[in-house]
1. From the list GLY156, GLY78, exactly one residue is exposed (fewer than 13 other Cβ atoms within 10 Å of the Cβ) and farther than 19 Å from PRO197 by Cβ. Which is it?
2. Would it be correct to say that LEU64 is in contact with a Gly (Cβ under 9 Å, 6 or more places away or on another chain), aliphatic (A, V, I, L, M) and farther than 30 Å from ALA267 by Cβ?
3. Give me a count of the residues in the stretch 129-162 that are outside any helix (DSSP H, G or I) and of a type outside the set (Asp, Glu).
4. Please verify whether the stretch 171-182 includes one or more residues that are open to solvent by less than 10 Å² (accessible area, probe 1.4 Å) and at pLDDT 95 or above.
5. Looking at the stretch 273-280, is at least one residue polar (S, T, N, Q) and within 30 Å of ALA211 (Cα to Cα)?
6. Just give me the residues in the stretch 165-194 being farther than 16 Å from PHE137 by Cβ, in contact (Cβ under 8 Å) with a residue 60 or more places away in the chain and either within 20 Å of the chain's Cα centre (by Cα) or not in a helix (DSSP H, G or I) (or both), in sequence order.
7. Within the group ILE60, ILE135, ILE87, which residue is in contact with a Ser or Thr (Cβ under 8 Å, 6 or more places away or on another chain) and under 27 Å from GLY25 (Cα atoms)?
8. I'd like to know if the stretch 84-107 contains one or more residues that are in a loop (DSSP other than H, G, I, E, B) and closer than 23 Å to LEU326 by Cβ.
Amino acid sequence: MNRLGPQFTFEKQPRRHPGLDGARGLAVVAMVMGHTLDALLTPAARALPWVQHYWTFRGITAPLFLLVSGWAVVAALGTKPSAARDIYGRRIRRALLLLFLGYLLHWPGWAAVRDMGWTERMLTHVLSFDALQCIGFALLFGSTLLALAPARWGRGVVLLALAVGVPLASAAMWRLGAGLPGPVQQFIGSAEGSRFPFFPWAGFFFAGAFAAHIFNVLRPGWPQGLALLALGAGLLGLTHWLPSDWSPTSPWMVAYRVGQGLMVLGAVNLAPQRLSGLLAPFGRLSLWIYVLHLPVVYGWADIAGLAGRVGPTLGLPAALGVSLALLLVCALVARIGRWVREQIRPWRAGSTTLDASISSTRVSPRV
(Lines give C-alpha, C1' and ligand atoms only; values in the text may rest on other atoms or scores of the structure.)
Protein backbone atom coordinates (compact mmCIF):
# COMPACT_ATOMS: atom_id res chain seq x y z
CA MET A 1 0.00 0.00 0.00
CA ASN A 2 1.49 3.31 -1.07
CA ARG A 3 0.58 6.53 0.66
CA LEU A 4 1.55 9.86 -0.76
CA GLY A 5 2.16 12.79 1.55
CA PRO A 6 0.52 16.21 1.35
CA GLN A 7 0.66 17.93 -2.02
CA PHE A 8 0.44 21.69 -2.29
CA THR A 9 -1.41 23.47 -5.05
CA PHE A 10 -2.19 27.06 -5.80
CA GLU A 11 -5.91 27.89 -5.77
CA LYS A 12 -7.30 31.05 -7.25
CA GLN A 13 -9.07 33.10 -4.61
CA PRO A 14 -12.19 35.13 -5.42
CA ARG A 15 -11.40 38.74 -6.08
CA ARG A 16 -12.47 41.32 -3.55
CA HIS A 17 -15.70 43.15 -4.14
CA PRO A 18 -14.73 46.18 -6.30
CA GLY A 19 -16.82 48.62 -4.30
CA LEU A 20 -16.11 47.08 -0.91
CA ASP A 21 -12.68 48.55 -0.26
CA GLY A 22 -13.73 51.87 -1.77
CA ALA A 23 -16.76 52.17 0.53
CA ARG A 24 -14.78 51.10 3.56
CA GLY A 25 -12.02 53.55 2.58
CA LEU A 26 -14.54 56.37 2.29
CA ALA A 27 -15.88 55.55 5.74
CA VAL A 28 -12.49 55.41 7.44
CA VAL A 29 -11.26 58.62 5.74
CA ALA A 30 -14.40 60.45 6.89
CA MET A 31 -14.01 58.94 10.37
CA VAL A 32 -10.38 60.06 10.81
CA MET A 33 -11.16 63.54 9.52
CA GLY A 34 -14.28 63.79 11.65
CA HIS A 35 -12.53 62.79 14.87
CA THR A 36 -9.62 65.16 14.19
CA LEU A 37 -11.81 68.12 13.28
CA ASP A 38 -14.03 67.44 16.29
CA ALA A 39 -10.99 67.57 18.58
CA LEU A 40 -9.19 70.57 17.06
CA LEU A 41 -11.66 73.01 15.49
CA THR A 42 -12.40 76.26 17.28
CA PRO A 43 -16.05 77.07 18.06
CA ALA A 44 -15.98 79.75 15.35
CA ALA A 45 -14.76 77.24 12.76
CA ARG A 46 -17.43 74.75 13.81
CA ALA A 47 -20.10 77.33 13.00
CA LEU A 48 -19.00 77.61 9.34
CA PRO A 49 -21.68 76.38 6.90
CA TRP A 50 -19.26 73.96 5.22
CA VAL A 51 -18.43 72.33 8.52
CA GLN A 52 -22.11 72.07 9.44
CA HIS A 53 -22.81 70.26 6.16
CA TYR A 54 -19.90 67.92 6.85
CA TRP A 55 -21.26 67.19 10.32
CA THR A 56 -24.53 66.12 8.67
CA PHE A 57 -22.69 63.80 6.29
CA ARG A 58 -20.57 62.43 9.12
CA GLY A 59 -23.62 60.72 10.60
CA ILE A 60 -23.40 58.02 7.93
CA THR A 61 -19.73 57.11 8.50
CA ALA A 62 -20.12 54.75 11.47
CA PRO A 63 -23.22 52.96 10.05
CA LEU A 64 -21.42 52.60 6.71
CA PHE A 65 -18.35 51.17 8.45
CA LEU A 66 -20.50 48.54 10.22
CA LEU A 67 -22.58 47.86 7.11
CA VAL A 68 -19.54 47.18 4.93
CA SER A 69 -17.96 45.04 7.66
CA GLY A 70 -21.01 42.77 7.63
CA TRP A 71 -21.02 42.70 3.83
CA ALA A 72 -17.36 41.63 3.74
CA VAL A 73 -17.91 38.75 6.17
CA VAL A 74 -20.70 37.14 4.13
CA ALA A 75 -19.23 37.98 0.72
CA ALA A 76 -16.12 36.00 1.70
CA LEU A 77 -18.27 32.89 2.24
CA GLY A 78 -19.16 32.68 -1.43
CA THR A 79 -21.83 30.17 -2.45
CA LYS A 80 -20.36 27.05 -0.82
CA PRO A 81 -22.99 25.77 1.65
CA SER A 82 -20.46 24.61 4.24
CA ALA A 83 -18.24 27.71 4.06
CA ALA A 84 -19.50 29.12 7.38
CA ARG A 85 -18.43 25.92 9.17
CA ASP A 86 -15.17 25.55 7.25
CA ILE A 87 -13.81 28.95 8.29
CA TYR A 88 -15.53 29.17 11.67
CA GLY A 89 -12.28 29.03 13.61
CA ARG A 90 -10.78 31.83 11.55
CA ARG A 91 -13.84 34.00 12.14
CA ILE A 92 -13.67 33.42 15.91
CA ARG A 93 -10.01 34.41 15.98
CA ARG A 94 -10.85 37.57 14.03
CA ALA A 95 -13.68 38.41 16.42
CA LEU A 96 -11.41 37.94 19.44
CA LEU A 97 -8.78 40.21 17.86
CA LEU A 98 -11.38 42.94 17.34
CA LEU A 99 -12.57 42.63 20.94
CA PHE A 100 -9.01 42.74 22.27
CA LEU A 101 -8.16 45.86 20.26
CA GLY A 102 -11.44 47.53 21.15
CA TYR A 103 -11.00 47.06 24.89
CA LEU A 104 -7.28 47.89 24.70
CA LEU A 105 -8.13 51.31 23.26
CA HIS A 106 -10.23 52.00 26.38
CA TRP A 107 -7.54 51.03 28.87
CA PRO A 108 -7.37 53.98 31.33
CA GLY A 109 -3.91 53.23 32.70
CA TRP A 110 -2.82 51.60 35.95
CA ALA A 111 -3.05 54.84 37.91
CA ALA A 112 -6.73 55.23 37.05
CA VAL A 113 -7.41 51.58 37.83
CA ARG A 114 -5.77 51.93 41.25
CA ASP A 115 -7.78 55.08 41.97
CA MET A 116 -11.09 53.45 41.05
CA GLY A 117 -10.23 50.11 42.68
CA TRP A 118 -11.78 46.78 41.77
CA THR A 119 -15.26 48.18 41.49
CA GLU A 120 -18.13 48.05 39.04
CA ARG A 121 -17.26 51.63 38.07
CA MET A 122 -13.78 50.51 37.02
CA LEU A 123 -15.09 47.51 35.08
CA THR A 124 -17.70 49.66 33.35
CA HIS A 125 -15.02 52.13 32.32
CA VAL A 126 -12.58 49.49 31.08
CA LEU A 127 -15.33 47.55 29.29
CA SER A 128 -16.83 50.59 27.55
CA PHE A 129 -18.54 49.48 24.36
CA ASP A 130 -17.37 50.98 21.07
CA ALA A 131 -17.36 50.23 17.34
CA LEU A 132 -14.78 47.42 17.39
CA GLN A 133 -16.57 45.69 20.25
CA CYS A 134 -19.85 45.90 18.34
CA ILE A 135 -18.29 44.38 15.20
CA GLY A 136 -16.45 41.76 17.24
CA PHE A 137 -19.52 40.51 19.11
CA ALA A 138 -21.65 40.67 15.94
CA LEU A 139 -19.04 38.58 14.13
CA LEU A 140 -18.84 36.16 17.05
CA PHE A 141 -22.60 35.61 17.34
CA GLY A 142 -23.28 35.76 13.62
CA SER A 143 -20.54 33.27 12.71
CA THR A 144 -21.73 30.84 15.38
CA LEU A 145 -25.36 30.96 14.21
CA LEU A 146 -24.35 30.62 10.55
CA ALA A 147 -22.19 27.61 11.38
CA LEU A 148 -25.13 25.96 13.17
CA ALA A 149 -27.80 26.91 10.61
CA PRO A 150 -28.93 24.51 7.87
CA ALA A 151 -26.61 24.79 4.90
CA ARG A 152 -29.18 25.41 2.16
CA TRP A 153 -31.65 27.92 3.52
CA GLY A 154 -30.36 28.76 6.98
CA ARG A 155 -27.92 31.53 6.03
CA GLY A 156 -30.55 33.89 4.63
CA VAL A 157 -33.05 33.19 7.43
CA VAL A 158 -30.47 33.79 10.19
CA LEU A 159 -29.16 37.02 8.66
CA LEU A 160 -32.63 38.42 7.98
CA ALA A 161 -33.76 37.58 11.52
CA LEU A 162 -30.72 39.33 13.01
CA ALA A 163 -30.92 42.36 10.68
CA VAL A 164 -34.57 42.96 11.56
CA GLY A 165 -34.69 41.53 15.07
CA VAL A 166 -31.78 43.41 16.67
CA PRO A 167 -33.20 46.90 15.95
CA LEU A 168 -36.76 45.87 16.83
CA ALA A 169 -35.67 44.37 20.15
CA SER A 170 -33.45 47.30 21.16
CA ALA A 171 -35.95 49.31 23.20
CA ALA A 172 -37.05 46.23 25.15
CA MET A 173 -33.46 45.15 25.77
CA TRP A 174 -32.55 48.59 27.12
CA ARG A 175 -35.45 48.37 29.57
CA LEU A 176 -34.48 44.86 30.66
CA GLY A 177 -30.86 45.88 31.14
CA ALA A 178 -31.58 48.77 33.49
CA GLY A 179 -30.78 46.79 36.66
CA LEU A 180 -27.98 44.58 35.32
CA PRO A 181 -24.24 45.01 36.06
CA GLY A 182 -22.47 47.92 34.37
CA PRO A 183 -20.45 45.88 31.83
CA VAL A 184 -23.63 44.11 30.69
CA GLN A 185 -25.39 47.43 30.33
CA GLN A 186 -22.45 48.61 28.22
CA PHE A 187 -23.07 45.72 25.85
CA ILE A 188 -26.82 46.25 25.71
CA GLY A 189 -26.58 50.05 25.52
CA SER A 190 -28.47 51.26 28.56
CA ALA A 191 -25.27 52.39 30.36
CA GLU A 192 -23.76 55.83 29.96
CA GLY A 193 -20.66 55.85 27.76
CA SER A 194 -21.72 53.00 25.48
CA ARG A 195 -21.11 54.63 22.10
CA PHE A 196 -22.03 51.79 19.74
CA PRO A 197 -24.05 49.29 21.81
CA PHE A 198 -24.97 45.93 20.33
CA PHE A 199 -28.60 47.02 20.39
CA PRO A 200 -29.27 48.54 17.88
CA TRP A 201 -25.86 49.09 16.20
CA ALA A 202 -25.24 45.42 15.36
CA GLY A 203 -28.29 45.78 13.12
CA PHE A 204 -26.12 47.67 10.62
CA PHE A 205 -23.59 44.81 10.54
CA PHE A 206 -26.27 42.18 9.96
CA ALA A 207 -28.07 44.36 7.38
CA GLY A 208 -24.85 44.52 5.35
CA ALA A 209 -24.38 40.77 5.76
CA PHE A 210 -27.93 40.07 4.56
CA ALA A 211 -27.51 42.41 1.57
CA ALA A 212 -24.34 40.54 0.60
CA HIS A 213 -26.23 37.24 0.82
CA ILE A 214 -29.15 38.25 -1.39
CA PHE A 215 -26.97 40.07 -3.96
CA ASN A 216 -24.30 37.39 -4.12
CA VAL A 217 -25.86 36.00 -7.31
CA LEU A 218 -25.32 39.32 -9.09
CA ARG A 219 -22.03 40.29 -10.68
CA PRO A 220 -20.08 43.02 -8.86
CA GLY A 221 -20.11 46.39 -10.57
CA TRP A 222 -23.16 47.64 -12.39
CA PRO A 223 -25.57 44.75 -11.56
CA GLN A 224 -24.89 44.88 -7.83
CA GLY A 225 -24.54 48.65 -7.83
CA LEU A 226 -27.98 49.21 -9.35
CA ALA A 227 -29.54 46.62 -7.05
CA LEU A 228 -27.99 48.30 -3.99
CA LEU A 229 -29.23 51.72 -5.12
CA ALA A 230 -32.73 50.32 -5.64
CA LEU A 231 -32.82 48.64 -2.23
CA GLY A 232 -31.38 51.70 -0.50
CA ALA A 233 -33.89 53.99 -2.21
CA GLY A 234 -36.69 51.63 -1.22
CA LEU A 235 -35.68 51.73 2.44
CA LEU A 236 -35.40 55.52 2.39
CA GLY A 237 -38.82 55.72 0.75
CA LEU A 238 -40.27 53.49 3.43
CA THR A 239 -38.82 55.63 6.22
CA HIS A 240 -40.23 58.72 4.49
CA TRP A 241 -43.77 57.41 5.05
CA LEU A 242 -43.15 56.49 8.68
CA PRO A 243 -42.81 58.89 11.62
CA SER A 244 -39.19 59.89 12.06
CA ASP A 245 -37.55 58.80 15.31
CA TRP A 246 -33.93 59.65 16.14
CA SER A 247 -33.94 58.04 19.59
CA PRO A 248 -30.95 55.75 20.29
CA THR A 249 -33.08 52.56 20.15
CA SER A 250 -35.08 53.53 17.06
CA PRO A 251 -35.57 50.89 14.33
CA TRP A 252 -36.55 53.80 12.06
CA MET A 253 -33.09 55.34 12.52
CA VAL A 254 -31.41 52.03 11.65
CA ALA A 255 -33.53 51.60 8.51
CA TYR A 256 -32.84 55.18 7.44
CA ARG A 257 -29.07 54.88 7.89
CA VAL A 258 -29.01 51.43 6.26
CA GLY A 259 -30.79 52.92 3.25
CA GLN A 260 -28.20 55.68 3.04
CA GLY A 261 -25.35 53.22 3.47
CA LEU A 262 -26.62 50.89 0.73
CA MET A 263 -26.89 53.83 -1.65
CA VAL A 264 -23.31 54.87 -0.87
CA LEU A 265 -22.11 51.30 -1.44
CA GLY A 266 -24.08 51.18 -4.68
CA ALA A 267 -22.67 54.52 -5.85
CA VAL A 268 -19.11 53.39 -5.15
CA ASN A 269 -19.87 50.23 -7.14
CA LEU A 270 -20.87 52.36 -10.11
CA ALA A 271 -18.01 54.84 -9.76
CA PRO A 272 -15.03 54.62 -12.13
CA GLN A 273 -12.35 52.26 -10.90
CA ARG A 274 -9.85 55.12 -10.76
CA LEU A 275 -11.96 56.88 -8.15
CA SER A 276 -12.59 53.81 -6.03
CA GLY A 277 -8.94 52.91 -6.49
CA LEU A 278 -7.92 56.07 -4.62
CA LEU A 279 -9.98 55.00 -1.61
CA ALA A 280 -9.33 51.26 -1.77
CA PRO A 281 -5.87 51.30 -0.09
CA PHE A 282 -7.39 53.01 2.94
CA GLY A 283 -10.21 50.47 2.93
CA ARG A 284 -7.85 47.50 2.98
CA LEU A 285 -6.05 49.03 5.97
CA SER A 286 -9.17 50.40 7.65
CA LEU A 287 -8.92 48.38 10.88
CA TRP A 288 -5.38 49.46 11.65
CA ILE A 289 -5.94 53.06 10.57
CA TYR A 290 -8.88 53.15 12.97
CA VAL A 291 -6.86 51.61 15.82
CA LEU A 292 -3.84 53.88 15.26
CA HIS A 293 -5.60 57.23 14.93
CA LEU A 294 -7.78 57.05 18.05
CA PRO A 295 -4.92 57.21 20.62
CA VAL A 296 -3.30 60.03 18.67
CA VAL A 297 -6.48 62.09 18.65
CA TYR A 298 -7.96 61.28 22.07
CA GLY A 299 -5.01 59.84 23.97
CA TRP A 300 -4.50 56.47 25.60
CA ALA A 301 -4.17 55.49 29.26
CA ASP A 302 -2.52 58.50 30.92
CA ILE A 303 -0.96 59.81 27.68
CA ALA A 304 -2.75 62.86 26.30
CA GLY A 305 -3.66 63.05 22.63
CA LEU A 306 -4.24 65.97 20.29
CA ALA A 307 -7.54 66.75 22.01
CA GLY A 308 -5.73 67.29 25.32
CA ARG A 309 -2.52 68.85 24.02
CA VAL A 310 -3.90 71.13 21.31
CA GLY A 311 -7.61 71.19 21.96
CA PRO A 312 -10.16 73.23 20.01
CA THR A 313 -7.71 75.94 18.93
CA LEU A 314 -7.21 75.46 15.17
CA GLY A 315 -8.94 77.01 12.22
CA LEU A 316 -10.35 74.95 9.38
CA PRO A 317 -7.26 74.89 7.07
CA ALA A 318 -4.87 73.90 9.88
CA ALA A 319 -7.23 71.24 11.25
CA LEU A 320 -7.73 69.78 7.77
CA GLY A 321 -3.97 69.67 7.30
CA VAL A 322 -3.51 67.81 10.59
CA SER A 323 -6.28 65.33 9.75
CA LEU A 324 -4.82 64.61 6.30
CA ALA A 325 -1.32 64.17 7.72
CA LEU A 326 -2.64 61.86 10.43
CA LEU A 327 -4.53 59.79 7.86
CA LEU A 328 -1.46 59.35 5.66
CA VAL A 329 0.87 58.55 8.57
CA CYS A 330 -1.52 55.96 10.00
CA ALA A 331 -1.93 54.38 6.54
CA LEU A 332 1.85 54.28 6.08
CA VAL A 333 2.42 52.68 9.50
CA ALA A 334 -0.36 50.15 8.83
CA ARG A 335 1.12 49.30 5.43
CA ILE A 336 4.58 48.80 6.91
CA GLY A 337 3.08 46.56 9.58
CA ARG A 338 1.33 44.47 6.93
CA TRP A 339 4.56 44.16 4.95
CA VAL A 340 6.46 43.00 8.05
CA ARG A 341 3.74 40.45 8.79
CA GLU A 342 3.95 39.12 5.25
CA GLN A 343 7.72 38.69 5.59
CA ILE A 344 7.30 36.83 8.86
CA ARG A 345 4.48 34.65 7.51
CA PRO A 346 5.15 34.41 3.74
CA TRP A 347 2.83 31.41 3.37
CA ARG A 348 -0.13 33.73 4.01
CA ALA A 349 0.97 36.48 1.63
CA GLY A 350 -0.74 34.89 -1.37
CA SER A 351 -4.24 35.67 -0.13
CA THR A 352 -3.52 39.39 -0.09
CA THR A 353 -0.84 39.99 -2.69
CA LEU A 354 -0.93 37.21 -5.29
CA ASP A 355 -4.68 36.64 -5.25
CA ALA A 356 -3.95 32.97 -4.61
CA SER A 357 -3.38 30.73 -1.64
CA ILE A 358 -1.56 27.48 -0.98
CA SER A 359 -3.78 24.58 -0.02
CA SER A 360 -2.89 21.07 1.05
CA THR A 361 -4.48 18.01 -0.51
CA ARG A 362 -3.85 14.37 0.31
CA VAL A 363 -4.07 11.65 -2.28
CA SER A 364 -6.15 8.65 -1.27
CA PRO A 365 -4.16 5.51 -0.49
CA ARG A 366 -3.80 3.09 -3.36
CA VAL A 367 -3.58 -0.71 -2.88
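1. Only one candidate passes the filter, namely GLY78.
2. Criteria not met by LEU64.
3. 6
4. No; the residues of the stretch 171-182 include none that is open to solvent by less than 10 Å² (accessible area, probe 1.4 Å) and at pLDDT 95 or above.
5. Yes, the stretch 273-280 contains at least one residue that is polar (S, T, N, Q) and within 30 Å of ALA211 (Cα to Cα).
6. PRO181, GLY193
7. Sole residue among the options that is in contact with a Ser or Thr (Cβ under 8 Å, 6 or more places away or on another chain) and under 27 Å from GLY25 (Cα atoms): ILE135.
8. Looking for residues that are in a loop (DSSP other than H, G, I, E, B) and closer than 23 Å to LEU326 by Cβ, one finds at least one in the stretch 84-107, hence yes.
The values are calculated or read from the model by the stated rules, or taken from the named source; none is laboratory data. All figures in this text were calculated on a predicted structure; none of them were measured in a lab. Because the Cβ atoms are built from the backbone with ideal geometry, glycine has one as well, and the counts that use them run over all protein chains shown. With ligands, DNA and RNA removed, areas are computed over all heavy atoms of the protein, side chains included. Shrake-Rupley method; radii C 1.70, N 1.55, O 1.52, S 1.80 Å.
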